[in-house]
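For reference, the structure is listed below as structure tokens.
The values are calculated or read from the model by the stated rules, or taken from the named source; none is laboratory data. The structure displayed is predicted, hence computed values, not measured ones. A quick note on method: Cβ atoms are made from the backbone with ideal geometry, for glycine too, and the neighbour counts reach across all protein chains shown.
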Amino acid sequence: MEYVWAIFLIFGLCISQVLQLFSMPANWVALGLVALWKYLYPASMDWNFVIILAVVAGAAEALEFGLQAWGAGRYGASTRGNVGGIIGAITGAIFGAPFFLGLGALIGALGGAYLGCFVAELPGRTKPEALRAAKGAFVGKALGFTVKTALGAVIVAVSIPKVWP
């Protein structure tokens, strides 16, 4: 019976990563599934493994926002522009979620990063400077999303051998 549950959990781990496309906490869902497995089957892994996965999930979140800020800064955004881009990304993901079967969250996050940074940069900057900074926020958000998704794939990949009996 353990094999059947392992198959379900591995399937859940893989499906959890689809949540990345909807700007949802995919890595935390995967971590929760692994922690549940550890709780139900204590001999399968130790808690240090789960803690390491939690650190990786936390790093993925930090990198997502950090890379967005880095990208915006690299293209000339100020601190105000960075904060506007991050707020715009979060707002865009929330408001975009109902569209395109939920995929609007990703589009909204990318567009929100661009628009949020642009609007925040306009006071005190020329329009071309604000557009360049907004482009950086967009590129950084896309890079951050990619890194977060890649780290989610690592979480899944290293967890599968621990789950399989």
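Scanning the stretch 1-45 for residues that are at pLDDT below 95 and of a type in the set (D, E, K, R) yields one hit, 2. Filtered by the rule that a residue be surrounded by 16 or more Cβ atoms within 10 Å (Cβ to Cβ) and not aliphatic (A, V, I, L, M), the stretch 81-111 gives 81, 82, 84, 85, 88, 91, 92, 96, 102, 104, 108, 111.
Answer yes or no as to whether residue 130 is surrounded by 15 or more Cβ atoms within 10 Å (Cβ to Cβ), among the small types (Gly, Ala, Ser) and over 20 Å from the mean Cα position of the chain (by Cα). Yes; evaluated as a whole, the condition is true for this residue. Restricting 115, 151 to residues that are modelled with pLDDT of 95 or more, assigned to a helix (DSSP H, G or I), under 14 Å from the mean Cα position of the chain (by Cα) and within 22 Å of residue 23 (Cα to Cα) narrows the list to 151. Only one entry of 48, 82, 27 meets the criterion of being without any contact (Cβ under 8 Å) to a residue 60 or more places away in the chain and farther than 30 Å from residue 131 by Cα, and that entry is 48. Applying the condition of being small (Gly, Ala, Ser) and surrounded by fewer than 23 Cβ atoms within 10 Å (Cβ to Cβ) to the stretch 133-158 and asking which residue is nearest to residue 45 (Cα to Cα) yields 157. Of 137, 109, 97, all but one fail to be farther than 15 Å from residue 24 by Cβ and of a type in the set (A, V, I, L, M, F, W, C); the exception is 137.
Yes/no matrix, rows are residues, columns are (1) over 30 Å from residue 134 (Cβ atoms); (2) part of a helix (DSSP H, G or I); (3) without any contact (Cβ under 8 Å) to a residue 60 or more places away in the chain; (4) out of contact with any Leu (no Cβ under 7 Å at 6 or more places or on another chain):
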{"site": "19", "(1), (2), (3), (4)": "no, yes, yes, yes"}
{"site": "31", "(1), (2), (3), (4)": "yes, yes, no, no"}
{"site": "37", "(1), (2), (3), (4)": "yes, yes, no, no"}
{"site": "43", "(1), (2), (3), (4)": "yes, yes, yes, yes"}
{"site": "53", "(1), (2), (3), (4)": "yes, yes, no, no"}
{"site": "58", "(1), (2), (3), (4)": "no, yes, yes, yes"}
{"site": "69", "(1), (2), (3), (4)": "no, yes, no, yes"}
{"site": "72", "(1), (2), (3), (4)": "no, yes, no, yes"}
